[in-house]
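Please read the structure below before turning to the comments.
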Amino acid sequence: MTLSGVELRRISMPLVAPFRTSFGTETVRDVLLVRVVTDAAEGWGECVAMSGAGYSPEYTDGAADVLRRFLIPALARARRSDGPAVAPALSAVKGHRMAKAALETAVLDAELRAEGRSLARELGATRDRVACGVSVGIMDSIPALLDVVADYLDEGYARIKLKIEPGWDVAPVRAVRERFGDDVLLQVDANTAYSPADAPHLARLDPFGLLLIEQPFDEEDLLAHAGLAGMLTTPVCLDESITSARTAAAAIRLSACAVVNIKPGRVGGFLEARRIHDLCVSHGVPVWCGGMLETGLGRAANLALAALPGFTLPGDTSASGRYFDADITAPFVLRDGHLDVPAGPGIGVMPDPARLDAVTTWTEWIAL
Ligand SMILES: CSCC[C@@H](NC(=O)CCC(=O)O)C(=O)O
Ligand SMILES: [Mg+2]
């Protein structure tokens, strides 16, 4: 497969409602898409970096810059341009895993489309649909939260995840338990908002039968997470800390986590995501697929990953309508709490040209 060029495209997708976390509030998803054109097929990748650097050091403008100045030229110099060749070709560039993931996914998508194979099959998926959870932001009040959770449960979501931060943690969890009972699958995500000194306070979440508590501390503080894990019966899950199979191995060895949230964009792509899956399965560590408010392109690819056997917990790949009035692909619609895994070649979906044009703010063609 010969690469002839790469398109970088920025799109602006308004959210159906503000999404508040411990590091800020999103109202518009500013997305960088990567399209590679080859002699055999075209492929798409979605960069999960956000406009700001609150979740990770990467941000959308920076991802576009590092792709244009370093990653795409490095790929152009590589002799091979199939999916597995991308990460080695980009290895001289440190970090920038989200930008690298978008490029690798686009190349993988083109390669698989050309060969008529689905990403799901390529990765080793064993299911054709996956159970879906939903992430619920920090709300202005407990009644507002309960209304939103009630709606998601009515829609059929298999699991509720509550964003928490100091001052919004025990009370919302208690309210959800009191209103909806102990059988609802419930977990929380702090996005690093707490300090190790907060451990005794976080232990007050233990009586609520949570599936897990996600990333309470700084992403570099594996030892603090190991200390909390020793205090709680609630499993500790890591998200921002897990940037590769190496860091996953270290976190497991240090007992810093009992569950891993895998996000292909955060770890540099779907092939590394599969390596983390395989590592976790070998250690008996359950995994689930996290989300970064992806469009249908990223959502489709995440569903392929979430269908692997070690993904035993509902993930954050929710229906398109959770975030967008109109997706850039055919919408993903929840059906009895599940989403179907795309079975077509590559990621299995294509953007609708008219929708894509309607949300495009900028596009750049880089000939190779
Ligand atoms: C804007 S928050 C993005 C990161 C966050 N993602 C979610 O909460 C799920 C978002 C989604 O449904 O895609 C996480 O830390 O897990
Ligand atoms: Mg998280």
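Please give me the summed charge of the neighbours of GLY296: other residues whose Cβ is under 10 Å from its Cβ, Lys and Arg +1, Asp and Glu -1.
Value of the local net charge: -2.
Just need log10 I(q)/I(0) for region 121-340 at q = 0.08, 0.12 Å⁻¹, Debye formula, equal scatterers on the alpha-carbon atoms, no solvent, rounded to two decimals.
-0.26, -0.60
Let me know the shape class of the chain, please: from the alpha-carbon gyration tensor, a ≥ b ≥ c as square roots of the eigenvalues, rounded when a/c is under 1.5, otherwise prolate if a/b is greater than b/c, or oblate.
Because a/c hits 1.5 or more and a/b exceeds b/c, the chain counts as prolate.
Could you pull out every residue, at least 5 positions away or on a different chain, whose amide H is within less than 5 Å of the one on VAL136? Hs are placed 1.01 Å off N in the peptide plane, and Pro or chain starts have none.
When sequence neighbours closer than 5 places are left aside, the close amide H contacts are LYS161, LEU162, LYS163.
Rounded to the nearest 10 Å², what accessible area does THR360 show when all protein chains are kept and the probe is 1.4 Å?
In the full protein context, THR360 sits at about 40 Å².
Multiply the residue separation of ALA326 and SER282 by 0.36 nm, subtract the distance between their alpha-carbon atoms, and state the gained length in nm to one decimal.
So the extension gain works out to 11.9 nm.
So what is the relative contact order for region 121-340, in percent, with contacts set as C-alpha pairs under 8 Å and at least six apart?
24 percent
So how exposed is ARG129, as accessible area in Å² (1.4 Å probe, rounded to 10)?
Counting only protein heavy atoms, ARG129 exposes about 70 Å² to solvent.
Using a cut-off of 10 Å between beta-carbons, work out the net charge of the residues near SER195 (Lys and Arg +1, Asp and Glu -1, SER195 not included).
-3
Take the solvent-accessible surface of the protein heavy atoms, probe 1.4 Å, and return the percent of it on the chain that carbon and sulfur atoms account for.
About 53 percent, which is the carbon plus sulfur part of the accessible surface.
Please list GLU240, GLU178 in order of solvent-accessible area, largest first, computed with a 1.4 Å probe with all protein chains present.
Most to least solvent-accessible, the answer reads GLU178, GLU240.
Express the relative contact order of the chain as a whole percentage, based on alpha carbon pairs under 8 Å and six or more residues apart in sequence.
Value for the chain: 23 percent.
Tally the DSSP beta bridges in region 121-340 and give the antiparallel ones as a percent, rounded to 5.
Bridges in region 121-340 are about 20 percent antiparallel.
Collect residues whose amide H, placed 1.01 Å from N in the peptide plane, falls under 5 Å from the amide H of GLY5; neighbours closer than 5 in sequence don't count.
Here VAL37, LEU368 satisfy the definition.
Hey, in the GNM for the chain with a 10 angstrom Cα cutoff, which one of ALA175, ALA63, ALA304 fluctuates hardest?
Maximum among the listed residues: ALA175.
Provide the net charge surrounding ILE347, with neighbours chosen by a C-beta distance below 13 Å and charges set as Lys +1, Arg +1, Asp -1, Glu -1.
Overall, the nearby charge balance is -2.
Rounded, prolate or oblate for region 223-368? Axes are the square roots of the Cα gyration tensor eigenvalues, ordered a ≥ b ≥ c, and the cut-off for rounded is a/c under 1.5.
Note, shape of region 223-368 comes out prolate.
Out of residues 5 or more away from ARG129 or on other chains, whose amide H comes under 5 Å of its own, with H placed 1.01 Å from N in the peptide plane?
Residues meeting the criterion, in which the H sits 1.01 Å from N, are VAL341.
Could you work out how much longer the chain between ASP147 and ALA92 gets when fully extended? Use 0.36 nm per residue separation minus the Cα distance between them, nm to one decimal.
Extra length from ASP147 to ALA92 when fully extended: 14.9 nm.
Work out from phi, with θ = phi - 60° and the Karplus expression 6.51 cos²θ - 1.76 cosθ + 1.60, the ³J(HN,Hα) of each residue of region 228-245, listed in order in whole Hz, and give x for Gly and Pro.
5, 4, x, 9, 9, 8, 5, x, 8, 10, 10, 10, 4, 6, 9, 9, 5, 5
State the Cα centre-to-centre distance between region 123-191 and region 57-111 in whole Å.
34 Å
Between the helical axis of 142-155 and the dominant principal axis of the chain, each derived from Cα atoms, what acute angle in degrees is found, rounded to the nearest 10?
The two axes meet at around 60 degrees.
Which order do LYS100, LYS161 take when ranked by solvent-accessible area (1.4 Å probe, heavy atoms of all protein chains), largest first?
In descending accessible area the options line up as LYS100, LYS161.
The values are calculated or read from the model by the stated rules, or taken from the named source; none is laboratory data. Everything numeric here is computed off the predicted structure, so don't read it as measured data. With ideal geometry, Cβ positions are generated from the backbone for all residues, glycine too; neighbour counts draw on all protein chains shown. To get the accessible areas, we keep the full protein, side chains included, count just its heavy atoms, and leave off ligands, DNA and RNA. Shrake-Rupley method; radii C 1.70, N 1.55, O 1.52, S 1.80 Å.
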